[in-house]
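Enquirer: Please find one structure pasted underneath; my questions will follow.
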Amino acid sequence: GNDIKQILVYDRIGEGIQNFCANNSIDEVYNTKFLFLEGFVKVKLNESISKLANNAITIWNLFIPKPEIPPAIAQNYRQVKIEWTKQLVAQQKQKTERIRKETVLQNAVLDAEREKSITLIQVETELEKQQGMKNITDVQNLMRKLKEENQADIESYMANSKAESNKGLLTDQYIKLELAKSLVNNSKMYFSGADSALGSVLTNILGGRQDGGQ
């Protein structure tokens, strides 16, 4: 009868609700885990019926409204809820601030890396420019050196050629001819006989010319 239903069903439902509430917080019972309450109680109820009445009754469905909270507990719960909400807000602010600082740090790192890359590129460009200018200077110096060496070789060749040519002209006949030209161009000559240096030269020239004439 009614007593059996009270013992097997209603008391067991109340017991299941108490067990669920005892193992969960008020916020979980009324919010995050309330939808699991019905399933939990139904499992516990069927286990009790199976144990006490050998499956004489089968419970297919249950509707369990949210339990009423006593005023004192409700007031405490509201205060706890407010504090919990404040904590969530504070945690969210901390999380947001941490994310903001991490973002600022990441941006600073990215900016530093970008500046470093730009500086490195500028340094490499300047080094390449200086190396290019050095190469141009080296080429110009080499060309100047080759030009100077070539000019020196030409001048040396001309000097040697002139020396060889002059060497070929230095014969007795050429010397006598040049001396004769010099004597002809002078209107006056003074010498102190055949024993002087000039007289000796003239004697040799004239003597040689007379020998040649004879």
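Enquirer: Name every residue in the range 1-48 that is outside any helix (DSSP H, G or I), surrounded by fewer than 13 Cβ atoms within 10 Å (Cβ to Cβ) and among the polar types (S, T, N, Q), in order of residue number.
Expert: Asn23, the sole residue that qualifies.
Enquirer: Are any of the residues in the range 70-78 under 23 Å from Asp27 (Cα atoms) and not in a helix (DSSP H, G or I)?
Expert: Scanning the range 70-78, I find at least one residue that is under 23 Å from Asp27 (Cα atoms) and not in a helix (DSSP H, G or I), so the answer is yes.
Enquirer: Assuming Leu169 fulfils every condition listed in (1) of a type outside the set (Asp, Glu); (2) at pLDDT 85 or above; (3) open to solvent by less than 100 Å² (accessible area, probe 1.4 Å) apart from one, which condition is it?
Expert: Looking at each condition in turn, Leu169 falls short on (2).
Enquirer: Can I ask one more? Just checking, which of Ile118, Ile205 is outside any loop (DSSP other than H, G, I, E, B) and at pLDDT below 65?
Expert: Checking each option against the conditions leaves just Ile205.
The values are calculated or read from the model by the stated rules, or taken from the named source; none is laboratory data. Fair warning: this is a prediction, and the values are worked out from it, not measured in the lab. Reconstructed Cβ throughout: ideal geometry from the backbone, glycine too, with neighbour counts over all protein chains shown. All accessible areas refer to the heavy atoms of the entire protein, side chains included, with ligands and DNA or RNA removed. Shrake-Rupley method; radii C 1.70, N 1.55, O 1.52, S 1.80 Å.
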